[in-house]
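Scroll down for the structure; my scribbles are underneath it.
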Amino acid sequence: MKKQDTLLRLRKFRVDEFKRRMGTLDGMKSDLEKKLADLEESVARERQRAGDTDIGRLAFPSFLKSIDVRREKLRETLKDIERERVSCQNELTDAYQDLKALEFAQEQQEKRLVEIEARRAQSRLDEMALVRHLRKHALRSA
């Protein structure tokens, strides 16, 4: 029984670990999406400022190229995180199914033990009743 308890705790820990990992990945994803939105705001502000001066108009294209590189890196990172998230989700699903299968098996084992104990108790009661009945008939016959 202790081995099953250990396995059950291990499966629960595994499910919890995947849930924590999913939470971390979701946090990273939202953080990167926020950075992308901030980058877009930054481009809009710089575009407005660049129109004000000649130097700004000359420097803006190089600024835009660096922003495009940064934006592309952020999008690649988002794709990587999404792939890892999908993988983690699949692993979480598998771990959860393992946990539920083990819990179901343990419940079935407990039911069988209860049924066995009930049969033993009933058998003892039947035996006592039979002995009592035989004694009663033995006394009547004597």
Inset, instruction - Starting from segment 59-70, take each residue that is farther than 13 Å from R47 by Cβ and list its partners that are modelled with pLDDT of 85 or more, counting only C-beta distances under 7 angstrom and pairs at least six apart or across chains. - result: R70/L39
Inset, instruction - Starting from segment 77-92, keep only residues that are farther than 15 Å from K34 by Cα, then list their pairs with residues that are assigned to a helix (DSSP H, G or I) and among the aromatic types (F, W, Y) whose Cβ atoms are within a distance under 7 Å, requiring at least 6 positions of separation or different chains. - result: C88/F18; E91/F18; L92/F18
Inset, instruction - Give the number of residues within segment 47-79 that are within 19 Å of T24 (Cβ to Cβ) and surrounded by 12 or more Cβ atoms within 10 Å (Cβ to Cβ). - result: 3
Inset, instruction - Please list, ordered by first then second residue, the pairs with beta carbon atoms under 8 Å, 6 or more apart or interchain, first in segment 14-35 and touching a residue at least 24 places away in the same chain (Cβ under 8 Å) and outside any helix (DSSP H, G or I), second surrounded by 12 or more Cβ atoms within 10 Å (Cβ to Cβ) and acidic (D, E). - result: none
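The values are calculated or read from the model by the stated rules, or taken from the named source; none is laboratory data. Owing to the predicted nature of the structure, the values given are computational and were not obtained by experimental measurement. Please note: Cβ atoms are built from the backbone with ideal geometry, for glycine as well, and neighbour counts cover all protein chains shown.
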